[in-house]
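The values are calculated or read from the model by the stated rules, or taken from the named source; none is laboratory data. Everything numeric in this text was worked out from a predicted model, so none of it was measured. Heads up, the Cβs are rebuilt from the backbone with ideal geometry, glycines too, and the neighbour counts pull from every protein chain shown.
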Amino acid sequence: MVRRIPLAKPLFDEREVAAVRRVLASGRVIQGPEVAAFEQAMAALHGVRHAIAVSSGTTALHVCYQALGIGPGDAVFVPSFAWPSAANVAAMIGARPVFVDVLPDTYNLDPDDLHRRIETCVQRGWGRPRAVVVVHEFGLAADLSAITPIAEQHKLVVIEDAACALGATYQGRPVGTHGRLSIFSFHPRKAITTGEGGAIVTNDDALAERCRSLRNHGQVVAGSSRDFIEPASNYRLTEFQAAIGRVQLEKFAEIVRARQRVAARYLELLQGTPHVTLPHAHPEHTWQTFMVVLDDRLSRDDIVQRLSNEGVETAAGSVAGHRAQIYRERYGYEPADLPVSWRLDRQGLALPIYCPMSEDDVGHCAAALRRVCAG
């Protein structure tokens, strides 16, 4: 029987079950004390004044854009090689997403290309530059020291998309604390999960108040009265999810250490693998995804199938947003316009990484990849 090693696997045990039972016994299942306690834990983890729990990382971005007043006539700069949430939400609210290429070693936003795209946006009248979404791809912080001065020069708000990077740091300081607003995701492939779920963190009191209103129909409550100050949706996190998230945060240090051990072992075992480029290693990396890049002579689809035959689940690392049908048709992007993102889209391969993943399983995955890439 072929052993099966999944791409990802959340770390659940009886503690999460007990947390869900606690919510069931309370009879309160939405936006209550569990959510408040989860928010307090997230704020404490990052040393910030405010954490606002929401239903996903994508809805967190939507709330941030709304809170900042971004809309029609505005341009938002986003890295192409990233899940397209930041671009999609910008387009949904009438702003123009402007894609920026990424660096080939870290997979993060290229500061030089950001500068070029801002200038092009202004010259061609694509919209008023308003914000840059700095994605910390796969758990490695982007080069904020290079990006921030560019944003300041052009008066762009920095939004950190740390969906994949809970616990990562940049020069010793937690990601999510460098921008004006920052978002996290608790999707099952992230280090901790609430099933779906997300959060916004900020030190800006006024923005935090507005974000709380926007996640809950745009309402404000005073005593027994409530009013609705602007149209908004229901992006609340449930008590069940928050209770699970609190337990997951208690395990978080253990989870990150385990992921870092798995990544270090992969880097050791895969060194010198034919036709494979390994990811950039950095001590502040938290390894939400371990993605290698295949040589162009290899077919990723073929490699994925052959690894599956050996019991190893793999997948594309991420996608290049600029090559999506909607953005090709609406703005005329061609895949080759952002060549690094396009190559990573085609040849990036995510390997299994989770806690707990045994030494034996890591060795099996590495050996299988070496075999299928050798011929």
* If you take the residues of the range 295-320 that are in contact with a Ser or Thr (Cβ under 8 Å, 6 or more places away or on another chain) and of a type in the set (A, V, I, L, M, F, W, C), which of them is farthest from Ala253 (Cα to Cα)? -> Ile303
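Residue-by-condition table, conditions (1) in contact (Cβ under 8 Å) with a residue 60 or more places away in the chain; (2) out of contact with any strand residue (DSSP E or B) (no Cβ under 6 Å at 6 or more places or on another chain); (3) surrounded by fewer than 24 Cβ atoms within 10 Å (Cβ to Cβ); (4) part of a helix (DSSP H, G or I):
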position	(1), (2), (3), (4)
Ala141	yes, no, no, no
Ala146	no, yes, yes, yes
Pro149	no, yes, yes, yes
Glu152	no, yes, yes, yes
Lys155	no, yes, yes, no
Ile159	yes, no, no, no
Thr177	yes, yes, yes, no
Lys190	yes, yes, no, no
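When you scan the range 320-340, do you find a residue that is touching a Cys at 6+ places or on another chain (Cβ under 9 Å), assigned to a strand (DSSP E or B) and not basic (Lys, Arg), even just one?
Keep residues of the range 320-340 that are touching a Cys at 6+ places or on another chain (Cβ under 9 Å), which gives none.
The answer is no, given that none of the residues of the range 320-340 is touching a Cys at 6+ places or on another chain (Cβ under 9 Å), assigned to a strand (DSSP E or B) and not basic (Lys, Arg).
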* Report, by residue number, each residue of the range 320-375 that is under 13 Å from Leu7 (Cα atoms) and among the hydroxyl-bearing types (Ser, Thr, Tyr). => Tyr354
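Identify the residue in the range 61-88 that is more than 25 Å from Asn203 (Cβ to Cβ) and of a type in the set (Phe, Trp, Tyr) and, among all such residues, is surrounded by the most Cβ atoms within 10 Å (Cβ to Cβ).
To start, the set of residues in the range 61-88 that are more than 25 Å from Asn203 (Cβ to Cβ) comprises 72-73, 75, 80-81, 83-84, 87-88.
Subset that is of a type in the set (Phe, Trp, Tyr): 81, 83.
Details: Phe81: 30, Trp83: 19.
Among those that are more than 25 Å from Asn203 (Cβ to Cβ) and of a type in the set (Phe, Trp, Tyr), it is Phe81.
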* Does the range 272-283 hold any residues that are within 22 Å of the chain's Cα centre (by Cα) and touching a residue at least 40 places away in the same chain (Cβ under 8 Å), and which are they? -> Pro279, His280, His282
* **Subset of the range 89-113 [buried (at least 23 other Cβ atoms within 10 Å of the Cβ) and either assigned to a helix (DSSP H, G or I) or not assigned by TED's automatic domain parsing to the domain that holds Glu137 (or both)]** => Val89, Ala90
* Hey, does the range 284-296 have a residue that's free of Cβ contacts under 8 Å to residues at least 12 places away in the same chain, part of a loop (DSSP other than H, G, I, E, B) and under 24 Å from Asp101 (Cα atoms)? -> no
